[in-house]
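Laboratory data are not the source of any read-out in this text; all were calculated from the coordinates shown. Treat the numbers as computed from the prediction; the structure is a model and nothing was measured. Cβ: placed from backbone, ideal geometry, glycine included. Neighbour counts: every protein chain shown.
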Amino acid sequence: MSLLLLFCISCTNEQKLEHEAKRNNIESIDQLTDYYLNTLHSNYAKALYWATVGAKLNDPEAIYNLAYLITDTVRKFSLEQKAAFLEYTPAMFAMAMYYLDKPKPDNDSAFFWLNAAANEGDKNDYKMLGDFYYKGIGTKQDYNMALLYYKKGCAGYIENNTACCDSVLWMLKNRPDTLDLRYWREHAKQVVIPFNYK
């Protein structure tokens, strides 16, 4: 009984979204695309249709979803690049990974896209960007910038904050500023699944 009720509610929401999407409501188009990609009612053809509609309206999320749905690698790259230039942070990260995964990695371009995504507020890039600064990958080696991005990552509730906190503590352990180290050690205990931060 409850499964039937859930199905009816789902149908109603789907119909409402389709009604709004047909009126070129970008948010509804993106939600429909996600709905058809990620639910029990997954429907590749409908997801492709709505992503294409959104892409024609120059919606960066729709453009990125369309890139995800197609198999033509040249077109996929072109769409991801377009979404990245429209400042869609998942596309910026995808561009960084594209340049890193090449047979001969283009570290400068990868750094550019990671930095751009972080500047747009994508907190999930902080750990990798900190690593780039720490190792001098695609940019001048800068321990202070590395520490800055590690701290930003550790301070937020993001996917990589455990790794960021580890990096902060590792970088601070040999510094004379014990107050800074004590603060980050205590912070790491509070925001991360408790590890052995001693």
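Quick notes
- With 30 Å as the limit on Cα-Cα distance, the pairs of LYS82/LYS127; LYS102/LYS127; LYS82/LYS140; LYS46/LYS102 that go past it are LYS46/LYS102.
- Partners of LYS151 within straight-line reach, counting aspartates and glutamates whose Cα lies under 19 Å from its Cα and excluding those fewer than 8 residues away in the same chain: GLU120, ASP122, ASP125, ASP131, ASP142, GLU159, ASP166, ASP177, ASP180, GLU186.
- Of TYR134, TYR64, the sequence from fewest to most neighbouring Cβ atoms within 10 angstrom is TYR134, TYR64.
- Net charge contributed by nearby residues that have their C-beta within less than 13 Å of TYR133 (K/R +1, D/E -1): +2
- Residue order, fewest to most surrounding Cβ atoms within 10 angstrom, among SER28, SER167, SER78: SER78, SER28, SER167
- Residue order, fewest to most beta carbons within 10 Å, for TRP113, TRP50: TRP113, TRP50
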